[in-house]
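The values are calculated or read from the model by the stated rules, or taken from the named source; none is laboratory data. Everything numeric here is computed off the predicted structure, so don't read it as measured data. Every residue, glycine among them, receives a Cβ derived from its backbone with ideal geometry; neighbour counts consider all protein chains shown.
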Amino acid sequence: MSIEKILAISGKPGLYELKLQTRTGFVAESLLDGKKITVGLRSNVSLLSEISVYTYNGEIRLAEVLRAIAVKEDNGPALSHKEDNAKLESYFREVLPEFDEDRVYASDIKKILNWYGMLQAKGLVSKEEVVAATETVEAPAEEVVKAEE
């Protein structure tokens, strides 16, 4: 899954792809309509690759949650984020049974399902790609160990 350059910008709808950095901030392109915007350094911006979801055993990366949704839906669309809260929590429990119900709110589940829908429509989420990304991350670590020997 290629969410390394995907951003959520507070106060702006949808998700954005980081295009380039400028002296005063950066330029991002909307995944919804393709419009480019400039974002100042004072804006509250979150990289999707840095977001985690609370579980009873700690935290799990958003990329893994999105992959779990892709596996459940066979890379197809997920449940609409506009469903009622009980249905959303039941669905999310099927995807991530160990999520912490006291710290993960219905609004968080809505946001995750909305993001999944946007990423899935652009082909940025897949049930296979996370494994390949994990393998590429681990390969350089093995090279470092070999270099130290």
Study note, to complete from the structure: Going through (1) of a type in the set (S, T, N, Q); (2) out of contact with any Phe, Trp or Tyr (no Cβ under 7 Å at 6 or more places or on another chain); (3) not assigned by TED's automatic domain parsing to the domain that holds S10 one by one, T55 fails only at (2)
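Could you tell me which of the residues R67, R93 is in contact with a Ser or Thr (Cβ under 8 Å, 6 or more places away or on another chain), assigned to a helix (DSSP H, G or I) and under 18 Å from I112 (Cα atoms)? Break it down into steps so the answer makes sense when it comes.
Values: R93 fails: in contact with a Ser or Thr (Cβ under 8 Å, 6 or more places away or on another chain).
Just one listed residue meets the conditions, R67.
Working only within region 22-38, note down all residues that are in a strand (DSSP E or B) and within 21 Å of the chain's Cα centre (by Cα). Step through it out loud before you land on a result.
Within region 22-38, the first condition is being in a strand (DSSP E or B), and the residues that meet it are 25-30, 36-38.
Those that are in a strand (DSSP E or B) and within 21 Å of the chain's Cα centre (by Cα): F26, V27, A28, E29, S30, K36, I37.
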Check your understanding: Quick one: would you say P77 is assigned to a loop (DSSP other than H, G, I, E, B) and out of contact with any helix residue (DSSP H, G or I) (no Cβ under 8 Å at 6 or more places or on another chain)?
Key -> no
Practice item. Starting from residues that are surrounded by 13 or more Cβ atoms within 10 Å (Cβ to Cβ) and among the aromatic types (F, W, Y), keep the ones in region 87-111 and report whichever is farthest from the chain's Cα centre (by Cα). Key: Y91
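If a residue must be among the aliphatic types (A, V, I, L, M) and either crowded, with 18+ Cβ neighbours inside 10 Å or touching a Lys or Arg at 6+ places or on another chain (Cβ under 6 Å) (or both), how many such residues does region 9-44 contain? Even if it seems obvious, please write down each step before you answer.
If we filter region 9-44 for residues that are among the aliphatic types (A, V, I, L, M), which is where we start, we get 9, 15, 18, 20, 27-28, 31-32, 37, 39, 41.
With the extra rule that they be either crowded, with 18+ Cβ neighbours inside 10 Å or touching a Lys or Arg at 6+ places or on another chain (Cβ under 6 Å) (or both), the set shrinks to 15, 18, 27-28, 31, 39.
Result for region 9-44: 6.
Right, L124: outside any helix (DSSP H, G or I), closer than 24 Å to Y16 by Cβ, assigned by TED's automatic domain parsing to the domain that holds P77 and at pLDDT below 95 or not?
Answer is yes for this residue.
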Review point. Is there a residue in region 22-41 that is more than 19 Å from S126 (Cβ to Cβ), at pLDDT below 90 and not polar (S, T, N, Q)?
Key: yes
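Determine whether region 75-97 contains at least one residue that is acidic (D, E) and in contact (Cβ under 8 Å) with a residue 24 or more places away in the chain. Walk me through how you get there before you give the answer.
Filtering region 75-97 down to residues acidic (D, E) leaves 83-84, 89, 94.
Next, only the ones that are in contact (Cβ under 8 Å) with a residue 24 or more places away in the chain stay: none.
No, region 75-97 has no match at all.
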Practice item. Only residues that are in contact with a strand residue (DSSP E or B) (Cβ under 6 Å, 6 or more places away or on another chain) and surrounded by fewer than 16 Cβ atoms within 10 Å (Cβ to Cβ): list them for region 55-86, please. Key: E59
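Of the residues S2, S52, which single one is surrounded by fewer than 16 Cβ atoms within 10 Å (Cβ to Cβ) and either charged (D, E, K, R) or out of contact with any Ser or Thr (no Cβ under 6 Å at 6 or more places or on another chain) (or both)? Spell out the reasoning first.
On the way: S2 fails: surrounded by fewer than 16 Cβ atoms within 10 Å (Cβ to Cβ).
Going through S2, S52 in turn, just one is surrounded by fewer than 16 Cβ atoms within 10 Å (Cβ to Cβ) and either charged (D, E, K, R) or out of contact with any Ser or Thr (no Cβ under 6 Å at 6 or more places or on another chain) (or both): S52.
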